[in-house]
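Q: I have a structure here, written as structure tokens, and I will follow up with some questions on it.
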Amino acid sequence: MSRVGKKPVVIPAGVTAAVDGQAIAIKGGKGELHFLAPVEVNVSFADNQIKVDPRSPTKRARAMWGMTRSMVNNLVTGVSKGFEKKLEITGVGYKASVQGKNLQLSLGYSHDLQFPIPEGIAIVTPKPTEIMITGIDRQKVGQVAAEIRALRPPEPYKGKGVKYANEFIFRKEGKKK
């Protein structure tokens, strides 16, 4: 039994939801998001709540049950509050700045990197060593953060590179003579 799937998703004030078969549309102050639920689950909307139930007792249906409930909850949270990821840059001369629709990164390479900012995502650099990624789609925000981090992942000796704000980098001791 899914512990996540049992709990219904409550729709807060200012957010409207529409369920048409397997299609779910959520509209709020920050925008509108859509999701197509898998056929293994049944989605219903009543009393300002979205409830997800499995159609059969199979393992796949139970897995889709919890996943679908989490996806719907992420849609509701996204259109009401939004999502945010924070990245930190460590290293001498490493910095980031937003220029138009691109994020310009100096990460120790012989050239500066240009990262195009996708539609629906906002990137702000409050400090040259800090990047804040915001948007309403949780998957897209996480994917953009992962792509930026992958340009220069943190290394274990000096900790240089791009890391998540809450990430711990296990440091290694250098060579001894």
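Just so it is clear, none of the values below were taken in a lab; they were calculated from the coordinates. All values derive from a computational prediction rather than experimental measurement. Quick reminder, even Gly has a Cβ in these numbers, built from the backbone with ideal geometry, and neighbours come from all protein chains shown.
Q: Multiplying the sequence separation of T134 and R3 by 0.36 nm and subtracting their Cα-Cα distance, what value in nm do you get?
A: Details: separation 131, 0.36 × 131 = 47.16 nm, distance 2.91 nm.
So the chain would gain 44.2 nm between T134 and R3.
Q: With each label point set 7 Å from Cα along the Cα-Cβ vector, what nm distance links E147 and E167?
A: Reported label-point gap for E147 and E167 is 1.6 nm.
Q: Taking a threshold of 28 Å on the Cα-Cα distance, which of the pairs K81/K172; K6/K163; K59/K86; K101/K140 fall above it?
A: Checking Cα-Cα distances, K81/K172; K6/K163; K59/K86 exceed 28 Å.
Q: Does anyone have the angle between helix 138-150 and the longest principal axis of the chain? Alpha-carbon axes, 0 to 90°, nearest 10?
A: The angle comes out at about 20 degrees.
Q: Determine the equivalent ellipsoid of the chain by diagonalising the alpha-carbon gyration tensor, then write out the semi-axes as square roots of 5 times the eigenvalues, largest first, rounded to whole Å.
A: With the √(5λ) rule applied to the chain, the semi-axes are 39, 20, 12 Å.
Q: Still on this structure, please answer the following. Quick one: pull the percentage of alpha-carbon pairs in region 83-164 with a separation above 19 Å.
A: Cα-Cα pairs in region 83-164 separated by more than 19 Å: 29 percent.
Q: Taking 0.36 nm per intervening residue step and subtracting the Cα-Cα distance, what contour gain separates D112 from V92 on full extension?
A: So the extension gain works out to 5.8 nm.
Q: Arrange the peptides 108-114, 149-155 so that the one whose residues have, on average, the most other Cβ atoms within 10 Å appears first.
A: Peptide ranking by packing, descending: 149-155, 108-114.
Q: Pick from T16, T129, T58 the residue whose mean-square fluctuation is largest in a GNM of the chain, springs joining Cα atoms under 10 Å.
A: So, out of T16, T129, T58, the one fluctuating most is T58.
Q: Here's a follow-up. In degrees, nearest 10, range 0 to 90: what is the angle between the Cα axis of helix 59-80 and the longest Cα principal axis of the chain?
A: Taking Cα atoms only, the helix is inclined about 70 degrees.
Q: Let me ask you something else. Quick one: among N48, N74, N166, which has the greatest mean-square fluctuation in a GNM of the chain with alpha-carbon springs under 10 angstrom?
A: So, out of N48, N74, N166, the one fluctuating most is N166.
Q: Now for a different question. What three numbers, in Å, describe the spread of the alpha carbons of region 3-80 along their principal axes, ordered from the longest?
A: Reported extents, whole Å, longest axis first: 38, 20, 19.
Q: Let me ask something else about it. Which GluC sites (Glu not before Pro) in region 50-134 sit in a loop by DSSP (not H, G, I, E or B) and have at most 12 other Cβ atoms within 10 Å of their own Cβ? Before the final figure, lay out the partial values.
A: Numbers: sites: E84, E88, E119, E130; in loops: E119.
Of the GluC sites (Glu not before Pro), the ones in loops of region 50-134 whose Cβ has at most 12 other Cβ atoms within 10 Å are E119.
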